């Protein structure tokens, strides 16, 4: 079994380009949530979103192109023999939206195959890879797949690329589902009332420890354990008993052979919806009992970046382990009873080698990744 | 990596069917009818009528596959995953949703349709009906031999504690874009870590490198794997099942054309 290392991470979010910029913004308590100018929000529950600054809206093409360009610029060259795992829920959905709006023929470019080809070309990869769709846990599940391929000796390197844009298609849908908060979302706050959408691009380069050493790459973190499970409860609502997330976390701890007392912090999905956050707290209590470590979530700063959210959060978690600090949970001004003392709006110091990242999504999907501190 | 094929189920132009009640290759071109609840489930199912066509077709194939494997009924949730591949996903549902969203500036956007604009949602429908708590995801990739989901499922079994993984495809033609699929519809295999508890199985599947072997013979593509499973040995092995296979694909094709 090869140990799996995370060697390079590139992020493009509403808090800027690059993990360093993102990290500094989070520590400073910044939020990228602002009024949306991209489309008219008058008929929706909210007018807020966490859009990436300076994305040019193309007349032909997709906003995703611009996000991809910036991720490629941040990431730099990657070895051409990397396996490619893309994690996007809706890909270039704005192309479809625009074609339908104009009554035009729907272009082939709305499909994932051309997108995969384009991504492989941009990164100069020899293989085209695959897109993994597991709703809002897509990049978490893709990273789990990558880690299992490397751990099992089936791959030496995997590039996980999470990409999703804030489109009117998705925004209107969450509004119709009554899931949007009229104000900026408040994860784990007792007055939380919905999510705020965001968008992001994230690239994570996974390697076997041996290949990383040969390539001179310094491990930012080790992917020590992982787990994935379905609630088998509801298509859009989380299971009240949190069974799927509990199972995922147990699998991750078991895989890493790590006791709960060694987990220094948790990065929660923390969407800000009443049911998601309650479900997560239930899972954490079930696993950690009274020894619950500090918990934080970043969606009050970055919005919910859909399929890219897990990847961005894993990047932040790597930095958190390096710095032994977790950012505050922006929006959690008055933590709900179950989260008192564990979650707050200010950054906290942590002490330990392991950090747990969790994500969940439509279709009952749950994923958990346990990271161990790297060498730098 | 080894696994056992313990069930095969489909919803294709051949109709709804399953390996142990079918005698012909179910993968074929032709008109795909979207199944009704009564064609899939004996009991009333409140949610089925609300599903989009993509989900109905995929769910029907999963249901018949589990039925074929004797795994349809359950009392406790079980660690069975689902890996589906799809070239076009729920594109038709996306367009149907946009038809509700674009007029009136989004005021009339349909929440029910939106819920199915994620192509993995039919996997959630299957998971909740059949108590499947394994990993569930949908793949999009250029897949010349159609075996990417099967390979992915084999890999899942190798690293996880899942007792089985449903692996297959779901694709609907999308005529608005001129998109045709070789085999419209959906077909799933149930891959088990162990042979079927009833002591019958279609055979052993092995993944060596990128190459799949079924009963020690190379599997060139998805269609060949289906054919290899549906040998005469299994025909009417479980007679009396209410859900017998529909008319054979070849016969139905002749009528359609």
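What is region A:16-151's relative contact order, in percent, from Cα pairs under 8 angstrom and six or more apart in sequence? Please list the in-between numbers first.
Numbers: 136 pairs, mean separation 29.1, N = 136.
Averaging sequence separation for qualifying contacts and normalising by length gives 21 percent for region A:16-151.
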- Message: Per-residue Cβ counts within 10 Å, from other chains only, averaged over B:95-107: what number is that?
- Response: 5
- Note on the structure: Check: C-alpha center region A:110-141 vs C-alpha center region B:147-212, spacing in Å is 20
- Query: Using a Gaussian network model of chain B with C-alpha springs under 10 Å, which one of B:55, B:110, B:186 is most mobile by mean-square fluctuation?
  - Reply: B:110
- Message: Explain nothing, just the number: relative contact order of chain A, from Cα pairs under 8 Å at least 6 residues apart, as a whole percent.
- Response: 24
- Work out how far the C-alpha atoms of region B:2-256 reach from end to end along every principal axis, then list the three figures in whole Å, largest first. 59, 44, 38
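Using Cα-Cα distances under 8 Å and only pairs 6 or more residues apart, what relative contact order does chain B have, in percent?
On the way: 540 pairs, mean separation 89.4, N = 257.
It comes to 35 percent, rounded to a whole number.
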- Item | Rg/Rh (Cα only; Kirkwood hydrodynamic radius) as it applies to the protein assembly as shown | 0.95
- Checking rank on B:32-40, B:157-165, with mean other Cβ inside 10 Å and highest first, the result is B:157-165, B:32-40
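Taking the number of other C-beta atoms within 10 Å as the exposure measure, put A:157, B:1 in order starting with the fewest.
Values: A:157 22, B:1 17.
Least to most surrounded, the residues fall as B:1, A:157.
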- Item | Calculated diffusion of chain A, Stokes-Einstein form, Kirkwood radius summed over Cα pairs, 20 °C and 1.002 mPa s, µm²/s | 106
- Note on the structure: The simple spin-label model distance between residue A:124 and residue A:40, using points 7 Å out along Cα→Cβ, in nm, is 4.7
- Note on the structure: Across A:289, A:32, A:16, the residue with the highest GNM fluctuation in chain A (Cα network, 10 Å cutoff) is A:289
- Query: For region B:1-105, what log10 I(q)/I(0) values come out of the Debye formula at q = 0.12, 0.14, 0.19 1/Å, with one point per alpha carbon and no solvent?
  - Reply: -0.50, -0.67, -1.11
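Which of the peptides A:192-202, A:107-117 is most tightly packed, and how do the rest follow, going by the mean number of other Cβ atoms within 10 Å of each residue? Display every interim value, and only then the final one.
On the way: A:192-202: 27.5, A:107-117: 19.2.
Order by mean packing, descending: A:192-202, A:107-117.
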- Item | Shielding score for A:152-160, defined as the mean number of other chain Cβ atoms within 10 Å | 1
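Order A:4-10, A:338-344, B:130-136 from most to least packed using the mean count of other Cβ atoms within 10 Å.
Working: A:4-10: 23.6, A:338-344: 18.7, B:130-136: 27.0.
Descending packing order for the listed peptides: B:130-136, A:4-10, A:338-344.
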- Message: Once R0 is set to 56 Å, what does the formula 1/(1 + (r/R0)^6) return for the Cβ-Cβ distance between residue A:60 and residue B:198, expressed as a FRET efficiency to the nearest 0.05?
- Response: 0.50
- Message: What distance in nm separates the two pseudo spin-label positions at residue A:105 and residue A:69, each 7 Å out from Cα along the beta-carbon direction?
- Response: 2.7
- Note on the structure: Whole-number value, in Å³ per residue, for the convex hull of the alpha carbons of region B:1-57 is 135
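Any read-out appearing in this document is the output of simple, stated calculations on the displayed coordinates, not a laboratory observation. As the structure is a prediction and not an experimental result, all values here were calculated from the model. Heads up, the Cβs are rebuilt from the backbone with ideal geometry, glycines too, and the neighbour counts pull from every protein chain shown.
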